[in-house]
Amino acid sequence: MHSATTTLTIRVLLFAVFRETLGDRQIELAAPVGSTPEDIFRLLEERRPDMSALRPYTTFAVNREVVSADTVLKDGDELALLQPASGGRND
Amino acid sequence: MIELTYDPLSPDRCTQAVRQAGSGGIVTFVGCVRDLSEGKHVEYLEYEAYEPMALNKMRQVCDETTEMWPVKAIAIQHRVGRLEIGDDAVVIAVSCPHRAEAFEACRYAIDRLKEIVPIWKKEHGEGGETWVGGPTAVPTEPGIPLSQD
């Protein structure tokens with residue numbers, strides 16, 4: 001049982017390489033108040049150490065907008081891990 | 001008109017969707033699945049999208065393009081799921097009073113779409129399976145140094 005005042009529930013959406021590595025499209029996590037996307041990434045790394053190699057390829061989106069890794073999350077936020085989308089050649 | 005779909009795209013429908021009074025020029029861009037990537041033969045592609053955010057960002061592309069050029073109308077279609085060689089992956093049609101603007105606006109829209117819309121493609125073929133722009137899913141070589149962030 002968790003207290004609503006000390007933990008957040010974060011819905012993490014996983015696509016592409018993250019989905020393949022973690023084996024899920026969506027994970028609900030409980031995290032301490034004050035957690036950031038970086039903190040959530042660490043929690044995912046604990047589940048799957050292979051995630052570490054993906055950190056350089058990770059951009060975070062909260063509620064469908066790109067944010068910095070140190071943004072403070074709110075209860076109920078939707079966090080997506082985005083890998084770079086190649087645009088094909090632009091020339 | 002903004003669409004994400006598993007179905008085959010229609011450049012004609014997009015062109016028609018932007019045809020209106022005052023449009024002297026319509027430029028329709030069609031992005032096609034090629035059989036070659038980095039010199040390696042590709043069998044098919046898989047496109048995956050963060051759909052609600054992709055739709056938002058496609059709308060943002062339209063808004064930005066319309067702010068910068070005298071756009072009469074824009075239509076964007078992007079396909080997701082499995083695509084075969086020769087399939088159309090994305091269509092953008094833009095109408096403007098004159099052709100110079102239409103070319104520039106359409107060029108901007110496709111370049112910007114590639115920058116901000118969360119859609120990813122995976123190539124299946126001679127080179128194995130690769131997410132374009134990303135690493136392979138699970139590192140297979142031991143001892144890859146972790147990048148210092």
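The values are calculated or read from the model by the stated rules, or taken from the named source; none is laboratory data. Keep in mind it's a predicted model, so treat the numbers as computed, not measured. Please note: Cβ atoms are built from the backbone with ideal geometry, for glycine as well, and neighbour counts cover all protein chains shown. Areas reflect the complete protein model, heavy atoms only, side chains present, ligands, DNA and RNA absent. Shrake-Rupley method; radii C 1.70, N 1.55, O 1.52, S 1.80 Å.
Is the C-alpha gyration tensor of region B:4-44 telling us rounded, prolate or oblate? Criteria: a/c under 1.5 is rounded; beyond that, a/b larger than b/c is prolate, otherwise oblate.
Taking the square roots of the gyration eigenvalues as a ≥ b ≥ c, region B:4-44 is oblate.
Could you work out the relative contact order of chain B, using alpha carbon pairs under 8 angstrom and six or more residues apart, expressed as a whole percent? Walk me through the intermediate numbers first.
Working: 307 pairs, mean separation 50.0, N = 149.
Relative contact order of chain B: 34 percent.
A:SER68 versus B:HIS41, label points 7 Å from Cα toward the beta carbon: distance in nm?
Label at A:SER68, label at B:HIS41, 4.9 nm between them.
When you look at the Cβ of every residue in B:125-133, what mean number of other chain Cβ atoms sits within 10 Å? Don't jump to the answer; show the numbers that get you there.
Working: counts 0, 0, 0, 0, 1, 2, 9, 7, 9.
Mean shielding by partner chains, rounded to a whole number: 3.
Hey, what angle do you get for helix A:37-47 against the long axis of chain A, alpha-carbon based, 0 to 90 degrees rounded to 10?
That works out to roughly 90 degrees.
Compute the FRET efficiency between B:ALA100 and B:GLU126 as 1/(1 + (r/R0)^6), taking r as their Cβ-Cβ distance and R0 = 45 Å, and round to the nearest 0.05.
Working: r = 41 Å, r/R0 = 0.91.
My answer for the efficiency is 0.65.
Using helices alone, I'd like the mean residue ellipticity at 222 nm for chain B: each DSSP H run of four-plus residues gives -39500 (n - 2.57), total over residue count, nearest 500.
-9500 deg cm²/dmol
A:THR7 to A:ARG25: extension gain in nm, 0.36 nm per residue of separation minus the Cα-Cα distance?
Details: separation 18, 0.36 × 18 = 6.48 nm, distance 2.25 nm.
Length gained, A:THR7 through A:ARG25: 4.2 nm.
Relative to the compact-globule scaling 2.2 N^0.38 Å, provide the ratio for the alpha-carbon radius of gyration of the protein assembly as shown.
Ratio of Cα Rg to 2.2 N^0.38 Å: 1.13.
Quick one: what do you get for chain B if you divide its Cα Rg by 2.2 N^0.38 Å?
In units of the globular-protein estimate, chain B measures up at 1.19.
Let me confirm one metric for peptide A:10-17, namely the mean number of other chain beta-carbon atoms within 10 Å of its residues' beta-carbons.
Rounded to a whole number, the mean comes out at 5.
With an 8 Å cut-off on Cα pairs and a minimum separation of 6 or more residues, tell me the relative contact order of region A:1-50 in percent. Before the final figure, lay out each step's value.
Working: 42 pairs, mean separation 19.0, N = 50.
Relative contact order for region A:1-50 comes out at 38 percent.
Ranked from the most accessible area to the least, with a 1.4 Å probe and all protein chains present, what is the order of B:LYS114, B:LYS121?
B:LYS114, B:LYS121
Relative contact order for chain A: what percent, with Cα pairs under 8 Å and sequence separation of 6 or more?
After rounding, I find 36 percent.
Which of the GluC sites (Glu not before Pro) found in region B:27-97 are in a DSSP loop and have at most 10 neighbouring Cβ atoms, other than their own, within 10 Å? Each step should come with its number before you reach the end.
Working: sites: B:GLU38, B:GLU43, B:GLU46, B:GLU48, B:GLU64, B:GLU67, B:GLU84; in loops: B:GLU38.
Those satisfying the criteria are B:GLU38.
Kindly provide the pair-distance distribution of region A:17-91 built from C-alpha pairs, with 10 Å bins from 0 and whole-percent values in order of increasing distance.
Taking every Cα pair in region A:17-91, the percentages come to 18, 53, 24, 5, 1.
If you count, for every residue in A:65-75, the Cβ atoms of partner chains within 10 Å of its Cβ, what is the mean?
What the average comes to for A:65-75 is 1.
With both partners inside chain B, how many of the DSSP beta bridges are antiparallel, as a percent to the nearest 5?
If I count the DSSP bridges inside chain B, around 90 percent turn out antiparallel.
List the trypsin sites (Lys or Arg not before Pro) within region A:6-63 that fall in a DSSP loop (any state other than H, G, I, E or B) and whose Cβ has at most 13 other Cβ atoms within 10 Å.
A:ARG25
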